[in-house]
Every structure is written in structure tokens, then in C-alpha cells.
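Where a number appears in this text, it was derived from the coordinates with a stated rule and is not lab data. If you're wondering where the values come from, they're calculated on a predicted model, not measured in any experiment. Glycine also receives a Cβ, built like all others from the backbone with ideal geometry; neighbour counts cover every protein chain displayed.
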């Protein structure tokens, strides 16, 4: 991140951190107590410092995206296990192989939205994914093919995971806290596009819907790709019939099948993007 440009008479933290590395080696200077607090990793990892780590994890991506001039995003959620059509034979199940065409739709959707983004010099409608494989890769790949930037919000998982190769390197973030990552998904969102997926996709979908339903965030285009898939795994109408949601809550969702349908809905929204 670049310097904030403030002018003040005090020595800056970088200078003192470098000076602290050059001090004489003595029992006193080797003691953990002597380390500068903000360079002391052991101190920063203490249980009591969790509130500080939460704040830092919220602040770092915020500052970087501000510096890149990113004002709004199009968030894409979807299955990490959905392969591209050319590799559908590697899918673990026949059903996953059948879903591979959504990789292409996600890729196309991201490409078209990035072309819109470039009309605002890459400030608006920037593609944002979870940074992983499958549908996430397709989203970042489409943005890359359009010549634009895209965001990847990865998270440390028990199994090894690296960002896909299409995320813009300077916008590839890594998180420890799921809660902070979720905030960054939605803080700038002007549209949410959800493709078939598993627990992670369902988690993000229902949390986002709940925020809109309870007016904790404004209503935005909320697009579910693949009506047959979603109607098979979730009985939306039954939720309304049971009274666990209101009938009008179903209006928060729009089902689409193609990238072109999704783009048209976003273009027709109040703020438009044509």
C-alpha cells in the first residue's frame, strides 16, 4: 500500500522498525518485551488481540481497493468443484459434469460485466469472487479475458488452497475471519450472481438474502443461475406456504439461465450500467 501522504513532524513507524533491527544484541534486546508491539508477531497472535486482528483484516483490503479506485463490484458465488466443459470428464460425479456449462456462463457473464466496468475506467462493476477454482475461476477468467481487473477473496482452509491464476495479483486477498470476508463481499456490491454450488455457496446466498430481506442492505439484482437446479434443492414456494418467509420475499430472487439474461437485468436496474 502506498504512503497516506500525511505530513507530520514525527518519525514514522517504518524508520523505527528498521532502526530496531540494527540495535546491539544483548539479553535485554533479545527479550520479547523489548520488541516493538506492531512488529511483534507473537504479541499480535495473542487471544486478547483478536479485536485488533479483526480490524486489520477489515482495513487492509478496504485501503487497497480504495487506492485502486474501486467503487462497486459484481459478486459471483458458485461451486468450486464445477469444472470447465473441456475438463468435465474429471468431475467427481455425472451431475457435476452436467453443470460444467455454468462455468462457461460465469466466464461469459464476467467478461461482459468487465467490458461495462471498463467504460468507467475499471471503477464500477468490478468482478469479485472467492478467488478459488470452479465458478470462481470462471469469473476471474472472464474479467481477465476482457482486459479488466478482478478481485479474489480467498480464505485460509484446512486443505491447501491457492488463488486461481486469473485474479488480479494486487487484488488477491487472504482472510482468516469468515465474517470479515463476508463483509468485503457485500460492502461494494451492486449485483450478486449465484451459480450452482455447495455449502459455501448456500451460506453466502442465504446470508446475503437475509441482509436484503431485513433491510440491512439495499436491494440489488440477486440472480440465481439455473432455475431447475435451485428448485430441485430448495422448495422456495413451500417456505412461503409455511409462513417461514413472506410471499413477497420470493421477489428478491430472479432466476436466469444465461449471461445475457443476467446482464440485461442489471442494465435495467435503477442505476443501470449501459
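To the nearest 10 degrees, how steeply does helix 50-67 sit against the main Cα axis of the chain, on a 0 to 90 scale?
70 degrees
Given the Cα-Cα distance of residue 258 and residue 104 and 0.36 nm per residue of separation, how much length would full extension add, in nm?
In short, 54.5 nm is gained.
Based on the Cβ-Cβ distance of residue 207 and residue 43, what FRET efficiency does E = 1/(1 + (r/R0)^6) give at R0 = 35 Å, to the nearest 0.05?
0.60
Report the gain in length on full extension from residue 123 to residue 95: 0.36 nm times residue separation, minus Cα-Cα distance, nm rounded to one decimal.
Length difference between fully extended and current span is 6.3 nm.
With contacts defined as alpha carbon pairs under 8 Å and 6 or more residues apart, what's the relative contact order of the range 83-240 in percent?
16 percent
For the pair residue 165/residue 234, report the inter-label distance in nm, with labels modelled 7 Å from Cα in the Cβ direction.
The two pseudo-label positions are separated by 3.4 nm.
Can you give the angle from 0 to 90° between the axis of helix 259-268 and the longest principal axis of the chain, with both taken from C-alpha atoms, to the nearest 10?
80 degrees
Answer rounded, prolate or oblate for the range 151-274, using the Cα gyration tensor with square roots of eigenvalues a ≥ b ≥ c: rounded when a/c is under 1.5, else prolate when a/b is larger than b/c, else oblate.
Note, shape of the range 151-274 comes out prolate.
Exposure proxy check: 233, 82 ranked by fewest other beta carbons within 10 Å?
233, 82
Could you please state, rounded to a whole Å, how far the C-alpha centre of the range 153-183 is from the C-alpha centre of the range 43-79?
When both Cα centres are located, 10 Å separates them.
Can you give the FRET efficiency to the nearest 0.05 for residue 269 and residue 26, using r as the Cβ-Cβ distance and R₀ = 45 Å?
After rounding, the FRET efficiency stands at 0.10.
Given the -39500 (n - 2.57) contribution per DSSP H run of 4+ residues, what per-residue ellipticity at 222 nm results for the chain, rounded to the nearest 500 deg cm²/dmol?
That comes out to -12500 deg cm²/dmol.
Compare the peptides 11-21, 196-206, 118-128 by average per-residue count of other Cβ atoms within 10 angstrom and give them in order, highest first.
118-128, 196-206, 11-21
Packing-wise, with mean Cβ within 10 Å as the measure, how do 237-244, 97-104 rank, highest first?
97-104, 237-244
Which ordering of 192, 156 is given by a fewest-first count of other beta-carbon atoms within 10 Å?
Details: 192 23, 156 10.
Ordered from fewest to most neighbouring Cβ atoms within 10 Å, 192, 156 come out as 156, 192.
Just to be sure I understand the model, the point goes 7 Å from the Cα along the line to the Cβ. What's the resulting residue 35 to residue 219 distance in nm?
Distance between the two pseudo-spin positions: 5.2 nm.
Quick check: pseudo-label points 7 Å beyond the Cα along Cα→Cβ at residue 17 and residue 251, how many nm apart are they?
Each label point lies 7 Å from its Cα, and together they span 5.2 nm.
Would the range 42-198 count as rounded, prolate or oblate if I go by the C-alpha gyration tensor, calling it rounded below 1.5 in a/c and otherwise prolate when a/b exceeds b/c, oblate otherwise?
Since a/c reaches 1.5 but b/c is at least a/b, the shape of the range 42-198 is classed as oblate.
For the chain, what's the relative contact order in percent, using C-alpha pairs closer than 8 Å and at least 6 residues apart?
17 percent
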